[in-house]
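Undergrad: Below: one structure in structure tokens.
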Amino acid sequence: MKKRIALYVRSVLSLLHMAAVKLFNIRGFFSEPVQDFSLGTRFSLSGGGKIFLKKHIHTRRNVLFDADGGTVRIGEGCFFNSGCAVVSKESVLIGDYTSFGPNTVVYDHDHNIRSNLSIHDSGFVTSPVSIGKNVWVGANCVILRGTILGDGCVVGAGSVIKGVYPPDTVIIQRREESVKTRENINGKDVVKVD
């Protein structure tokens with residue numbers, strides 16, 4: 001009974017939150033009325049950016065949706081754990097029933113490091129990101145510009161991905177581990193590599 005009451009309260013608060021966001025972003029924010037957003041979910045629209053949300057999207061604390069001149073489209077039933085961010089300067093599309101572990105970020109742009117200007121002033125290079133339906137992205141992942149994840153993909157925790165991955169692909173990035181011991185011999189430090 002308590003869970004049901006909490007769900008209703010969150011739904012009403014989500015509806016009020018979306019109404020306030022819509023009021024200040026009347027031309028760029030489009031959402032189905034049935035959502036389950038935490039109060040810490042933030043929406044940022046600038047430069048003509050647009051956010052489209054289908055129904056039953058669930059967010060935990062400190063989730064950010066940022067359309068900075070780009071478009072963010074999120075499918076029905078998606079889940080964003082605490083600390084996730086989706087930032088678009090061109091286009092980010094996320095399919096239905098896709099889930100993101102904590103602290104995962106999705107960017108459709110990089111700094112233009114080939115410019116003669118400072119990195120801060122050089123602008124951005126953009127490419128659309130498309131994430132299919134029923135995708136699971138583990139904790140602490142970074143999805144970079146130009147990435148296409150097919151339906152049913154699984155991305156292992158801690159992965160940094162950029163590329164095209166066909167449906168039902170499991171992406172796990174293994175990192176080489178180096179274990180060292182530090183010893184002090186005759187007042188000098190010596191590092192042994194195992």
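Undergrad: Provide the per-residue ³J(HN,Hα) series for segment 162-175, in order, calculated from phi with Karplus coefficients 6.51, -1.76, 1.60 and θ = phi - 60°, each as a whole number of Hz, with x at glycine and proline positions.
TA: Values per residue, Gly and Pro as x: 7, x, 10, 10, x, x, 6, 8, 9, 10, 10, 9, 9, 10 Hz.
Undergrad: At 0.36 nm per residue, and after removing the present C-alpha to C-alpha distance, how many nm does the segment from MET1 to ARG174 gain when stretched out fully?
TA: Additional length available on full extension: 57.9 nm.
Undergrad: So which trypsin sites (Lys or Arg not before Pro) in segment 89-147 pass both tests, a DSSP loop state and at most 12 other Cβ atoms within 10 Å of the Cβ?
TA: Answer in residue order: ARG114.
Undergrad: Name the residues whose placed amide hydrogens come within less than 5 Å of the amide hydrogen of ALA85, ignoring near sequence neighbours (fewer than 5 apart) on the same chain.
TA: The list, which skips near neighbours in sequence, is LEU64, THR104, VAL105, VAL106.
Undergrad: Show me, for segment 57-66, the HN-Hα J-couplings you get by feeding each phi into the Karplus relation (A = 6.51, B = -1.76, C = 1.60, θ = phi - 60°), rounded to Hz, glycine and proline as x.
TA: Computed from phi, the couplings for segment 57-66 are 7, 10, 10, 9, 5, 6, 9, 10, 10, 10 Hz.
Undergrad: Would you kindly find the accessible area of ARG60, with a 1.4 Å probe and non-protein molecules such as ligands, DNA and RNA excluded, rounding to the nearest 10 Å²?
TA: 110 Å²
Undergrad: What list of ³J(HN,Hα) couplings, whole Hz, do you get for segment 78-88 from phi and the Karplus terms 6.51, -1.76, 1.60, once you set θ to phi - 60° and write x for glycine and proline?
TA: In residue order, the calculated couplings are 6, 10, 10, 6, 4, x, 6, 9, 10, 10, 10 Hz.
Undergrad: Now for a different question. Summarise the long-distance tail of P(r) for segment 85-182 by giving the % of C-alpha pairs beyond 20 Å.
TA: Of all Cα-Cα distances in segment 85-182, 41 percent exceed 20 Å.
Undergrad: So for PHE80, PHE30, what's the accessible-area order with a 1.4 Å probe, most first?
TA: PHE30, PHE80
Undergrad: I'd like the accessible area for VAL142: 1.4 Å probe, protein heavy atoms, all chains in place, Å² to the nearest 10.
TA: 40 Å²
Undergrad: Here is a follow-up. With every protein chain kept in the model, how would you rank ASP108, ASP151, ASP168 by accessible area, 1.4 Å probe, largest at the top? Don't jump to the answer; show the numbers that get you there.
TA: Working: ASP108 0, ASP151 75, ASP168 120 Å².
Sorted by accessible area, descending: ASP168, ASP151, ASP108.
Undergrad: Report the extension gain between VAL12 and ILE113 in nm, rounded to one decimal, defined as 0.36 nm multiplied by the number of residues separating them, less their alpha carbon distance.
TA: On the way: separation 101, 0.36 × 101 = 36.36 nm, distance 4.50 nm.
That works out to 31.9 nm of additional length.
Undergrad: Can you give me the long-range amide H partners of ILE171? Hydrogens built in the peptide plane at 1.01 Å from N, cutoff under 5 Å, separation of 5 or more residues or another chain.
TA: Those qualifying (amide H under 5 Å, at least 5 residues apart or on another chain) are VAL154, VAL155, GLY156.
Undergrad: Further question on the same structure: Looking at this model, which pairs from LYS55/LYS89; LYS2/LYS55; LYS2/LYS50; LYS3/LYS162; LYS50/LYS133 are more than 28 angstrom apart at the alpha-carbon?
TA: Checking Cα-Cα distances, LYS2/LYS50; LYS3/LYS162 exceed 28 Å.
Undergrad: Right, another one. Gain in length, TRP136 to HIS120, computed as 0.36 nm per residue apart minus the alpha-carbon separation, to one decimal in nm? Present the calculation step by step, with values, prior to reporting the outcome.
TA: Working: separation 16, 0.36 × 16 = 5.76 nm, distance 3.30 nm.
Taking 0.36 nm per residue and subtracting the Cα distance, the gain is 2.5 nm.
Undergrad: Could you order THR181, THR59 so the one with the most accessible surface comes first? Probe is 1.4 Å.
TA: Listed by decreasing accessible area, they come as THR181, THR59.
Undergrad: For THR71, enumerate residues with amide H under 5 Å from its amide H, sequence gap 5+ or separate chain, H modeled in the peptide plane.
TA: Hits under the 5 Å cutoff: LYS50, GLU90, SER91, VAL92.
The values are calculated or read from the model by the stated rules, or taken from the named source; none is laboratory data. Keep in mind that this is a model prediction, so the values were computed, not measured. Note: ideal-geometry Cβ built from the backbone for every residue, glycine included; neighbour counts use all protein chains shown. The area values use the complete protein model at the heavy-atom level, side chains included, leaving out ligands, DNA and RNA. Shrake-Rupley method; radii C 1.70, N 1.55, O 1.52, S 1.80 Å.
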